[in-house]
1. Would you point out the residue of the stretch A:19-40, among those that are within 20 Å of A:Leu83 (Cβ to Cβ) and in a loop (DSSP other than H, G, I, E, B), that is least open to solvent (accessible area, probe 1.4 Å)?
2. Mind checking which residues of the stretch A:84-111 are in contact (Cβ under 8 Å) with a residue 60 or more places away in the chain, assigned to a loop (DSSP other than H, G, I, E, B), of a type in the set (Gly, Ala, Ser) and more than 8 Å from every other protein chain (Cβ to nearest Cβ)?
3. Restricting the search to the stretch B:65-95, which residues are farther than 20 Å from B:Asp39 by Cβ and either within 14 Å of chain A (Cβ to nearest Cβ) or touching a helix residue (DSSP H, G or I) at 6+ places or on another chain (Cβ under 7 Å) (or both)?
4. Which residue out of A:Arg9, A:Arg55, A:Arg15 is within 14 Å of another protein chain (Cβ to nearest Cβ), open to solvent by 30 Å² or more (accessible area, probe 1.4 Å) and modelled with pLDDT of 95 or more?
5. Please work out if B:Lys42 is surrounded by 18 or more Cβ atoms within 10 Å (Cβ to Cβ) and assigned to a loop (DSSP other than H, G, I, E, B).
6. Looking only at the stretch B:63-80, filter to residues that are free of Cβ contacts under 8 Å to residues at least 24 places away in the same chain and not in a loop (DSSP other than H, G, I, E, B); which one of those is most open to solvent (accessible area, probe 1.4 Å)?
7. Could you look through the stretch A:78-94, keep only residues that are of a type outside the set (Ser, Thr, Tyr) and more than 15 Å from A:Leu43 (Cβ to Cβ), and pick out the one that is surrounded by the most Cβ atoms within 10 Å (Cβ to Cβ)?
8. Quick one: would you say A:Gln36 is closer than 20 Å to B:Thr97 by Cα and free of Cβ contacts under 8 Å to residues at least 60 places away in the same chain?
Amino acid sequence: KAGVTQTPRYLIKTRGQQVTLSCSPISGHRSVSWYQQTPGQGLQFLFEYFSETQRNKGNFPGRFSGRQFSNSRSEMNVSTLELGDSALYLCASSLAGEPQHFGDGTRLSIL
Amino acid sequence: EDQVTQSPEALRLQEGESSSLNCSYTVSGLRGLFWYRQDPGKGPEFLFTLYSAGEEKEKERLKATLTKKESFLHITAPKPEDSATYLCAVQEISGNTPLVFGKGTRLSVIA
């Protein structure tokens, strides 16, 4: 069974640009969560989508947004990139009541 | 506010030298406590879920235990391939709340 797939694996952007990251969950998983991981803060929750609806949102500015499509694939968008947005962005999917399974992330570097 | 604290931040062991990692947590009610392993450049890999005090789970050289305030991940006779960052996360019992992660313990096992 294929795992969670995130694309692209690496991205380099400059300040002020915007970026879109993609996540394909495990087949049959309807919940998709996004996390930001940095050395100083660890894993911090961004948002969760379930059946195309945002179910939870973390404490991040409005520049961070996401959506989920009818096939459960999800995207997150970051606008007006800042240096501090450099991080590993992780996506996780799950079945109801089951543990989350993570992809290998997108490494975003802001110059 | 839910909090998860892991200790030590880093641990260096000789091959075969058993030890324990700690995860202390504060939540109003615990739905589940999760242990993950993360290798460099990879996403977290699910290890265990614990739901109630007194519960134990085992997998190869790893055993996870849970009390009302903390969880331990015991590593028996570790091998170099056990080197990784071990992450602990909790989920509150009320509703579909997101996981709250600790900052992890970076384990190095030296041959």
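1. Residue satisfying both the conditions and the ranking: A:Gly40.
2. So the first thing to find is which residues in the stretch A:84-111 are in contact (Cβ under 8 Å) with a residue 60 or more places away in the chain, and the list is A:89-96, A:100-111.
Going one step further and asking which of them are assigned to a loop (DSSP other than H, G, I, E, B), we end up with A:95-96, A:100, A:103-105, A:111.
Filter once more, so that each one left must be of a type in the set (Gly, Ala, Ser): A:96, A:103, A:105.
Within the stretch A:84-111, A:Ala96 is the sole residue that qualifies.
3. Listed by number, the residues that qualify are B:Val90, B:Gln91, B:Glu92, B:Ile93, B:Ser94, B:Gly95.
4. Working: A:Arg55 fails: modelled with pLDDT of 95 or more; A:Arg15 fails: within 14 Å of another protein chain (Cβ to nearest Cβ).
A:Arg9 is the lone residue from the list that is within 14 Å of another protein chain (Cβ to nearest Cβ), open to solvent by 30 Å² or more (accessible area, probe 1.4 Å) and modelled with pLDDT of 95 or more.
5. On the way: surrounded by 18 or more Cβ atoms within 10 Å (Cβ to Cβ): no; assigned to a loop (DSSP other than H, G, I, E, B): yes.
Criteria not met by B:Lys42.
6. Top of the filtered list is B:Lys63.
7. As a first pass, look at the stretch A:78-94 and keep what is of a type outside the set (Ser, Thr, Tyr): A:78, A:81-85, A:87-88, A:90-92.
Add one more test, that the residue is more than 15 Å from A:Leu43 (Cβ to Cβ), and what stays is A:78, A:81-85.
Numbers: A:Val78: 25, A:Leu81: 19, A:Glu82: 12, A:Leu83: 10, A:Gly84: 8, A:Asp85: 21.
Residue satisfying both the conditions and the ranking: A:Val78.
8. Working: closer than 20 Å to B:Thr97 by Cα: yes; free of Cβ contacts under 8 Å to residues at least 60 places away in the same chain: yes.
Against the criterion (closer than 20 Å to B:Thr97 by Cα and free of Cβ contacts under 8 Å to residues at least 60 places away in the same chain), A:Gln36 qualifies.
The values are calculated or read from the model by the stated rules, or taken from the named source; none is laboratory data. Please read these numbers as outputs of a predicted model, since none were measured by experiment. Quick reminder, even Gly has a Cβ in these numbers, built from the backbone with ideal geometry, and neighbours come from all protein chains shown. The protein model used for the area step is the full one, side chains on, heavy atoms only, and it has no ligands, DNA or RNA in it. Shrake-Rupley method; radii C 1.70, N 1.55, O 1.52, S 1.80 Å.
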